[in-house]
Amino acid sequence: RLYRVASNGAHTELGSVSLNGRVSMADNGRELVIVDGARGYAWDSETETLTELSGDGWYPANTVTYQDGYFIFNRAGTGQFFLSELLSVEFDALDFATAEGAPDDTLAVLSDHRELWVFGERSIEVWYNSGDPDFPFERMQGAFVERGIGASHSAAKLDNGVFWLGEDGIVYRAMGYQPQRISTHAVEQAISEGHQADAFAYTYTEEGHAFYVLTFPRQKQTWCFDVAT
């Protein structure tokens, strides 16, 4: 079930969803989109309706992000990502693109500083909104990272940067468009002994410190990186 929780802790049930596993969510101020790698739903806060995403142009997606009026999704099992129509949760079958810098599947998308990070199994590309009426996003020249993502839900933004678990079991922070290793050999050894694909991350700040938190549920381990120290 989908719930809305108020700041005082009061909760409201919004409807039932058929989702399994970890979800990704994004909103445009009015509509909230939820995906789980197989199905997707949209909640409209004005009409208070919950609908399942469907139709031509909609595909199963592990992650969703929002930028410049578009919901953006990775297309599971392919090297593509696709978009909703502008300010909408409707889809056009022609609104998709392929990350072609390396022949790998697109596992996650993340919008940071109005740049679209497209995470693949072995590479990362950065796209930007060029305003092209046929397809608004174009690949940014020179913004190609020869490092992939090891877990779709490990990508997160914090402290004016992007963090993720690499496909090599190393935790990275992007410095510009260059991956900077932030994990230690000891942490990497612990990561290598378990299952990485279902790891997930979130970020928060407290008392002037910014934290990237990475959890491995099967290993029952959580690692936390303090940006300040």
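The values are calculated or read from the model by the stated rules, or taken from the named source; none is laboratory data. Computed from a predicted structure; not experimentally measured. Cβ placement follows ideal geometry from the backbone for every residue including glycine, while neighbour counts extend to all protein chains displayed. Ligands, DNA and RNA are stripped out before the accessible areas are found, and what is left, the full protein with its side chains, is counted by its heavy atoms. Shrake-Rupley method; radii C 1.70, N 1.55, O 1.52, S 1.80 Å.
Take region 61-183 with all the other protein chains still there, run a 1.4 Å probe, and you get 41 Å² of accessible area per residue.
Considering the options Leu110, Thr51, Gln141, tell which one lies farthest towards the positive end of the dipole of the chain, charges being +1 on Lys and Arg and -1 on Asp and Glu at the Cβ, about the Cα centre. Looking along the dipole axis, the top candidate is Leu110. Among the listed values (i) 1.51; (ii) 1.02; (iii) 1.08, the one computed from these coordinates for Cα Rg over 2.2 N^0.38 Å is (ii). Rolling a 1.4 Å probe over the protein heavy atoms leaves Asp56 with an accessible area of roughly 130 Å². Of the accessible area of the chain, with the probe set at 1.4 angstrom, what percent is carbon plus sulfur? That share works out to 46 percent. This model, with +1 at the C-beta of Lys and Arg and -1 at the C-beta of Asp and Glu, gives the chain a dipole about its Cα centre of some 760 debye.
Accessible surface for Glu46 stands near 130 Å², nearest 10, in the context of the full protein assembly shown (1.4 Å probe).
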